[in-house]
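Worksheet: the structure to be examined is printed underneath.
The values are calculated or read from the model by the stated rules, or taken from the named source; none is laboratory data. Note that this is a predicted model, so its numbers are computed, not measured. Ideal geometry is used to build each Cβ from the backbone, glycine not excepted, and the neighbour counts take in all protein chains shown. Keep in mind that these areas ignore ligands, DNA and RNA; they rest on the heavy atoms of the full protein, side chains included. Shrake-Rupley method; radii C 1.70, N 1.55, O 1.52, S 1.80 Å.
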Amino acid sequence: MAQLKLLIAGLGNPGKQYERNRHNAGFMILDLLAEEWGENLSHSPKDKEVRAKLERNGATIFLLKPLEYMNLSGRAVTEISKKNGISPSNILVAHDEIDFPFGKIKLKQGGGHGGNNGIRDILDKLGSPDFTRLRFGVGKPEDSDLVSGHVLSNFNKEEVEKLPELLEQAKQKILGWIREREALFQKHSDK
């Protein structure tokens, strides 16, 4: 009997110096999701990702934080999805989104990379745009030359105050996506 397998990846950069950066919104969301389920994300020194595998409502869900820096996120996502037979439509990638103002959060199925190098690398390595993105708005500076510094800087004081509520909203969107995937799988299994 077929089983639903889902992969949820959060993008960011490894290391203490990046921990509270806007670019690490995906890591923050994934940490909150793991905490919700009482999961410990684990890795060994040879691993280039932090991950967890859990069973929930008959589905196997993989949580993943690639640790090869944002721009090299594709290898880990592709490796886990291919090794476990997870189709691109059952992959969700949470990442920061500079084209959205801080506070805007949106799920999007398919599409291009929108300038996000982590998404670009996933598209290149996975060979399919059919995964879902959870786009977490971090805003962008008016001067496009300052974008890199913006995403690699920490959230400001006002943003930090709103961050817990927004991360919770992002987590709820992911939980809703999981419920939708479970319902769709069940509908096809009943036929």
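Under 8 Å between Cβ atoms, which residue pairs at least 6 apart in sequence (or on different chains) link something in segment 32-43 that is more than 19 Å from Q172 (Cα to Cα) with a partner that is open to solvent by 40 Å² or more (accessible area, probe 1.4 Å)?
L41/D31; L41/R51; S42/R51; H43/R51; H43/L67
If you scan segment 144-191, which residues turn out to be among the acidic types (D, E) and under 16 Å from E97 (Cα atoms)?
E159 - this is the single residue of segment 144-191 that is among the acidic types (D, E) and under 16 Å from E97 (Cα atoms).
Taking the residues in segment 1-13 that are part of a loop (DSSP other than H, G, I, E, B) and open to solvent by less than 60 Å² (accessible area, probe 1.4 Å) as candidates, determine which candidate is farthest from A183 (Cα to Cα).
The extreme case among them is N13.
Restricting attention to segment 155-191, which residues are open to solvent by 40 Å² or more (accessible area, probe 1.4 Å) and more than 28 Å from L7 (Cβ to Cβ)?
N156, K157, E158, V160, E161, K162
Restricting attention to segment 14-64, which residues are exposed (fewer than 12 other Cβ atoms within 10 Å of the Cβ) and of a type in the set (S, T, N, Q)?
Q17, N40, S42, S44, N57 - these are the residues of segment 14-64 that are exposed (fewer than 12 other Cβ atoms within 10 Å of the Cβ) and of a type in the set (S, T, N, Q).
Please work out which one of (1) open to solvent by 60 Å² or more (accessible area, probe 1.4 Å); (2) at pLDDT 90 or above is the condition L126 fails and give its number.
Tallying (1) open to solvent by 60 Å² or more (accessible area, probe 1.4 Å); (2) at pLDDT 90 or above, L126 fails exactly one: (1).
Tell me, which residue of segment 151-191 that is basic (K, R) and outside any loop (DSSP other than H, G, I, E, B) is nearest to L63 (Cα to Cα)?
Here the answer is K171.
In the set L64, L92, L54, L7, which member is more than 27 Å from S148 (Cβ to Cβ) and either among the polar types (S, T, N, Q) or in contact with a Leu (Cβ under 7 Å, 6 or more places away or on another chain) (or both)?
Answer to the check: L7.
Which pairs turn up if I take residues in segment 1-22 that are farther than 15 Å from A94 by Cα and look for partners that are open to solvent by 40 Å² or more (accessible area, probe 1.4 Å) and of a type in the set (A, V, I, L, M) with beta carbon separation below 7 Å, at least 6 apart in sequence or on another chain?
P14/L67
Mind listing just one residue for me: the one in segment 135-145 that is open to solvent by less than 60 Å² (accessible area, probe 1.4 Å) and assigned to a loop (DSSP other than H, G, I, E, B) and, of those, nearest to I8 (Cα to Cα)?
In this case the residue turns out to be V138.
Checking S148 against (1) outside any loop (DSSP other than H, G, I, E, B); (2) closer than 29 Å to D47 by Cβ; (3) in contact with a Gly (Cβ under 8 Å, 6 or more places away or on another chain): exactly one of these is not met. Which one?
With respect to (1) outside any loop (DSSP other than H, G, I, E, B); (2) closer than 29 Å to D47 by Cβ; (3) in contact with a Gly (Cβ under 8 Å, 6 or more places away or on another chain), S148 is out only on (3).
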